[in-house]
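Before any comments, here is the structure.
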Amino acid sequence: MTALPPTPPAGSGRPPESAINIGGDLAPAMLRRIAVLHGFGVAPPGAPCTIMMTLRATDRELQACLAGGARGYVEVESDLGLPAPALRGLAAPDRLHVSVTTASCFSMAMPPILGGEMIARGWLRPDRVHDLELCLHEAVSNAVVHGNLGIRNGPGGDREAFDRFHREIHSRMAMRDYARRRVSIDISNEADQAVVAVSDEGEGYQAASPDVAPDAKSGRGLRLLRELADAVDVTAGGSRISMMFKR
């Protein structure tokens, strides 16, 4: 049996084990290993946890774990490469973090699940949920297609270009190096607004001009976000986009 790594020393800047408990459908040995690596506790089977870790992300599981009070939902391939800083930040009750692979994200309905949860927690006004869902859909789609899959062009304006675009998506999704890249969503509840950030593991991209013609068939994503959100910030070379929604 592989020996577990030593418990992090006191004063390492990590929260105490009681601050964050992890649970999920991972093997108990892997849950314990992740807990020791990051200074987390392990929730008893069936008990509520701060972060649910799963082998395969699904809409139903995401919705259930957030409704149960979890602050994090993470798809895990191994105990390596987890978004440790974001996970440790979940010691604060006003944070949510979702991190899944590109393959899973492509088939999930993130916007309505997260929008509904933000309303339930009092982080978003109900009359802003439509704006939030449209923005989140656009940002997540960009993270998957233009970020992690590295497809620079949009679907174009004719049937042949549209078909070619979707063939390229499915071709790259079949490649493990692309499919396993992460899409992460960080939500923070601040004094008078909610901040929603979507990040990917692609090479970044040059944000399209906000002055794209109204009849353009692609490249209008950033313009849409700026129209619907109260503020938009693109950072990390185009691989992270943050959107602010005031209350």
Would you check if GLY89 is closer than 25 Å to ALA35 by Cα, out of contact with any Ser or Thr (no Cβ under 8 Å at 6 or more places or on another chain) and of a type outside the set (D, E, K, R)? yes
So which of MET53, MET30 is modelled with pLDDT of 95 or more, under 25 Å from GLU201 (Cα atoms) and not in a loop (DSSP other than H, G, I, E, B)? MET53
Just for the stretch 69-80: of the residues that are modelled with pLDDT under 95 and in contact with a strand residue (DSSP E or B) (Cβ under 9 Å, 6 or more places away or on another chain), which one is surrounded by the fewest Cβ atoms within 10 Å (Cβ to Cβ)? GLU77
Output the number of residues of the stretch 166-182 satisfying the condition of being part of a helix (DSSP H, G or I) and free of Cβ contacts under 8 Å to residues at least 24 places away in the same chain. 8
Assuming ALA91 fulfils every condition listed in (1) closer than 30 Å to ALA191 by Cβ; (2) at pLDDT 95 or above apart from one, which condition is it? (2)
Out of all the residues in the stretch 36-77, which are over 14 Å from the mean Cα position of the chain (by Cα) and small (Gly, Ala, Ser)? GLY39, GLY41, ALA43, GLY46, ALA47, ALA64, ALA67, GLY68, GLY69, ALA70
Criterion: crowded, with 17+ Cβ neighbours inside 10 Å, closer than 19 Å to ILE241 by Cα and of a type in the set (Lys, Arg) - qualifying residue of ARG128, ARG172, ARG152: ARG128
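The values are calculated or read from the model by the stated rules, or taken from the named source; none is laboratory data. Nothing here was measured: the structure is a model prediction, and the numbers come from that model. Glycine gets a Cβ as well: all are built from the backbone with ideal geometry, and neighbour counts include every protein chain shown.
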